[in-house]
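Chemist: Submitted below is the structure of interest, expressed as structure tokens.
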Amino acid sequence: MIGRPTVDGGGDRAGAAAPLHAGRLADGREVRVYDSLAALSEAGAALVAGVLAEAAAARGRALLSLAGGTTPRTLYERLATAHQGDVPWERTVVAFGDERCVPPTSDSSNFRMAADTLLGRVPVQRELVHRVRGELLPEDAAADYDRTVRGLSSAGAMDDRPAHALRAPLFDVTILGMGADGHTASLFPGSAALGERDRWAVAVTAPESAPGPPERVTLTLPVLAASRLVLFLVTGEAKRTASHAALLEHMASTAERPPAGQVRGMGQTIWLLDRAAAGEELVRALV
Ligand code: 6PG
């Protein structure tokens, strides 16, 4: 378990970061509601930096899995600027929850977004950044990334366990977003990939409604869950219905929830939302 975050309000850099509402759901997931994307991103960056520092101090290295899409950009920029000095970059290993099957130079590449906003601006070691090789054919990229992520486990590249056998955290922090349809990483509602128990990464085709290129590679649910802290970043009214379906207990059993609602970290699972994505019903459900 990671400790309770102590970084939410500390210091002038976090001045705008106090949540409007914070609490737990009956199942233990934590929800923090902020006034704006800027406040949510600052709080998230402080939290991520604190957990990475704690991990490196405890185990000699910190493992971070990044999300794609647009929402995390501001958090990545805060990590690259205000919190750059708080993260042990030289000992931080970076991977990705998913990727679009495009070259790393493409405007649609999650790697490119993370490189522009964060990785190109901090002293992370190039060989510790593990991207999905989106320039390959999807199945080849997935097989390659499956091997890559197995190599991050303490058993090293020889780790041939099925994904569901992961019993200890692989990542210290897994940052995730959620689409308005409830998808997370590239696990879409109704996708066969949601039931994948063996492979650590798979190729999927996103539905036409999803933004960006349809061919994707994604980590599977057990691997996304194998994290000390799973941190969701969700903003905008368009995501309110999906937030409720993912978070409110009475909406569905775990397997019926949208994919984002099925990810529970091995330590904490924290959702950072803005007011528009949360709505009153979610705030009322917090204890
Ligand atoms: C991607 C993702 C995806 C994303 C959500 C939310 O590559 O698109 O990793 O799961 O997090 O679609 O995206 P936005 O933050 O752009 O709304």
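Just so it is clear, none of the values below were taken in a lab; they were calculated from the coordinates. Please read all numbers here as calculations on a predicted model, not as lab measurements. So basically every Cβ, Gly included, is an ideal-geometry build from the backbone, and we count neighbours across all protein chains shown.
Chemist: Taking interchain pairs and intrachain pairs at least six residues apart, which have beta carbon atoms under 8 angstrom, with the first residue in the range 55-71 and in contact (Cβ under 8 Å) with a residue 12 or more places away in the chain and closer than 29 Å to V234 by Cβ and the second within 9 Å of the ligand (Cβ to nearest atom) and of a type in the set (D, E, K, R)?
Modeler: Filtered contacts from the range 55-71: A67/D98; G68/D98; G68/E99; G68/R100.
Chemist: For the range 192-223, which positions are in contact with a His (Cβ under 8 Å, 6 or more places away or on another chain) and either touching a residue at least 60 places away in the same chain (Cβ under 8 Å) or away from the ligand (no atom under 12 Å from the Cβ) (or both)?
Modeler: Once the filter is applied, which keeps residues that are in contact with a His (Cβ under 8 Å, 6 or more places away or on another chain) and either touching a residue at least 60 places away in the same chain (Cβ under 8 Å) or away from the ligand (no atom under 12 Å from the Cβ) (or both), the range 192-223 yields R197, D198, P222.
Chemist: Another one. Within the range 206-243, which residues are more than 18 Å from the chain's Cα centre (by Cα) and among the basic types (K, R)?
Modeler: R240 - this is the single residue of the range 206-243 that is more than 18 Å from the chain's Cα centre (by Cα) and among the basic types (K, R).
Chemist: Another question, if that's okay. If you scan the range 146-176, which residues turn out to be assigned to a loop (DSSP other than H, G, I, E, B), farther than 18 Å from T92 by Cα and touching a helix residue (DSSP H, G or I) at 6+ places or on another chain (Cβ under 6 Å)?
Modeler: Those that are assigned to a loop (DSSP other than H, G, I, E, B), farther than 18 Å from T92 by Cα and touching a helix residue (DSSP H, G or I) at 6+ places or on another chain (Cβ under 6 Å): D159, L166.
Chemist: Within 16 Å of the ligand (Cβ to nearest atom) and free of Cβ contacts under 8 Å to residues at least 60 places away in the same chain: does that describe L128?
Modeler: In short, no.
Chemist: Is there any pair with a first residue in the range 21-45 that is of a type in the set (S, T, Y) and a second that is not in a helix (DSSP H, G or I) whose Cβ atoms are under 7 Å apart and which are 6 or more apart or on different chains, and what are they?
Modeler: Listed by first residue and then by second, the contacts come to Y34/P19; Y34/L20; Y34/L272; Y34/D274; S36/D274.
Chemist: Residues in the range 104-150 that are buried (at least 18 other Cβ atoms within 10 Å of the Cβ), in contact with a strand residue (DSSP E or B) (Cβ under 7 Å, 6 or more places away or on another chain) and polar (S, T, N, Q): how many?
Modeler: 2
Chemist: Ok, one more. Looking at the range 65-92, which of its residues are hydroxyl-bearing (S, T, Y), within 11 Å of the ligand (Cβ to nearest atom) and either surrounded by fewer than 18 Cβ atoms within 10 Å (Cβ to Cβ) or on the phi > 0 side of the Ramachandran plot (or both)?
Modeler: Matches in the range 65-92: T70 only.
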